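Step one of this worksheet: look at the structure below.
Derivation of every value follows stated rules applied to the coordinates shown; laboratory data play no part. Quick caveat: nothing in here was measured; it's all calculated off a predicted structure. We place every Cβ from the backbone using ideal geometry, glycine too, and count neighbours over all the protein chains shown.
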Amino acid sequence: MKKIILTVLSALAIISAVVIFKNLYSCNIPIGNRGIKSALDQGELNTLFIGSSTFRSNLDILQLDEAYDEKTYIISYGGNQYTATSIQYDEIRKRSTHKCKLMIFELDPLMLTEEVRLSDSRVIWDLSFDGKIALWNKLKDAGNNDFSIMYEYFITSGMDDLITYPITEKFYSTRYYKGAKTDETPSSGLDYLENEEFDISDSVLIEEQLESVKEIILKCRKDNQDFIFLECPHYYRLEDDPKYTEYHDYFTNLMKEYDVKCIYAHDIDFDNHNPEYFEDMGHFSATGRQVYTKKLIENLKGYL
């Protein structure tokens, strides 16, 4: 019995040590050409894009590298939210010794309607312990802090990457480059895009997301950080939805109120009716990515 107890206690001690290590030091372990650590390791940057999987899928990093002397990076997470982006900005400021000439934040009207939640465990992995606590406090303020969420946040999130690091590091390194997708993503085709179901009719404004947008703006201005917001095109069916239009108008008025420079989807000559350019409603095919990025670079000349 004594041996069993010692074995159990030893196992608990090892698990606790791994959990503590993950929460304190995961931010120092880069995974496959993506995330905050990887971006900071690049040194001085001309352009840094911060957003969701939309940026990861819709921006051609090779064209951006060529345009900006290989000093560009994309920090993106699945379902990234403005509450998390505000913390990510703090992390970059805290941990970087280099200046970024232009930060480009994703402008997505529907992000204002996202419940504050855990959208991508990679967000937690990339944050220092102070950053983890800051993001946790945002979850807590939004009421999303029950035991199951706390357990996922501090215990299980990122544990798979930690355990399988020798494998996942090689896998992600071949799939991503400077935070962007590099695969030849095909179009899903006209039939799929015209029939893909979505329903945003019940979307409502989430105050925490709105306040986080304001936080980002005020932080950048306090730090004398040049920044803009960028809206990538969506397939026309989503952009034409009345609810999308409603929140797009709301976001536009917010940007005018705070005198923020923006590049909206309609500012760039990109055919969002062309199914060859899209994988789904919000993500481009490889062809769409290349066509859009070329036009975007031309548009960005006035901001650098």
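Report, for the chain, the % of DSSP beta bridges that are antiparallel, rounded to 5. Intermediate values should be presented prior to the final figure.
Details: 3 of 20 bridges.
Restricted to the chain, the bridges split so that about 15 percent are antiparallel.
Amide H to amide H under 5 Å from Leu107: which residues, 5+ apart in sequence or cross-chain, H placed 1.01 Å off N in plane?
Leu230, Glu231, Cys232
How far is it, in nm, from the label point at Arg237 to the one at Lys256 when both lie 7 Å from their Cα along the line to the Cβ?
3.1
Calculated from DSSP H runs of 4 or more alone, at -39500 (n - 2.57) each and per residue, what is the 222 nm mean residue ellipticity of the chain, nearest 500? Numbers along the way, then the final one.
Values: 15 runs with 153 residues, N = 304.
Rounded to the nearest 500, the figure is -15000 deg cm²/dmol.
Which value, to two decimals, describes the C-alpha radius of gyration of region 259-304 once divided by 2.2 N^0.38 Å? Each step should come with its number before you reach the end.
Details: Rg = 11.6 Å, N = 46, 2.2 N^0.38 = 9.4 Å.
My calculation over the Cα atoms of region 259-304 gives 1.23.
Which entries in Lys37/Lys101; Lys261/Lys295; Lys256/Lys301; Lys181/Lys256; Lys170/Lys301 show an alpha-carbon gap greater than 26 Å? The partial results should precede the final answer.
Numbers: Lys37/Lys101 18 Å; Lys261/Lys295 18 Å; Lys256/Lys301 21 Å; Lys181/Lys256 32 Å; Lys170/Lys301 35 Å.
The answer is Lys181/Lys256; Lys170/Lys301.
Pop out the Kirkwood hydrodynamic radius of the chain from its pairwise C-alpha distances, inverse of mean 1/r, in Å to one decimal. Spell out each step's value before the answer.
On the way: mean 1/r = 0.0490 Å⁻¹.
This gives a value of 20.4 Å.
Can you compute the modelled spin-label distance between Glu207 and Met159, with each label point 7 Å from Cα toward Cβ, in nm?
3.6
Cα centroids of region 223-239 and region 260-279: how far apart, whole angstrom?
The two parts, judged by their Cα centres, are 10 Å apart.
From the alpha carbon gyration tensor of region 1-121, can you work out the equivalent ellipsoid semi-axes (sqrt of 5 times each eigenvalue) and give them in Å, largest to smallest? If you can, show how the numbers build up before the last one.
Details: eigenvalues 259, 68, 31 Å².
Values for region 1-121, descending: 36, 18, 12 Å.
Taking each full run of DSSP H in the chain as one helix, which ones are at least 27 Å long along their axis (Cα atoms) and have mean Kyte-Doolittle hydropathy of at least 0.5?
Numbers: long enough: 2-25 (34 Å, 1.65).
Span-like helices in the chain: 2-25.
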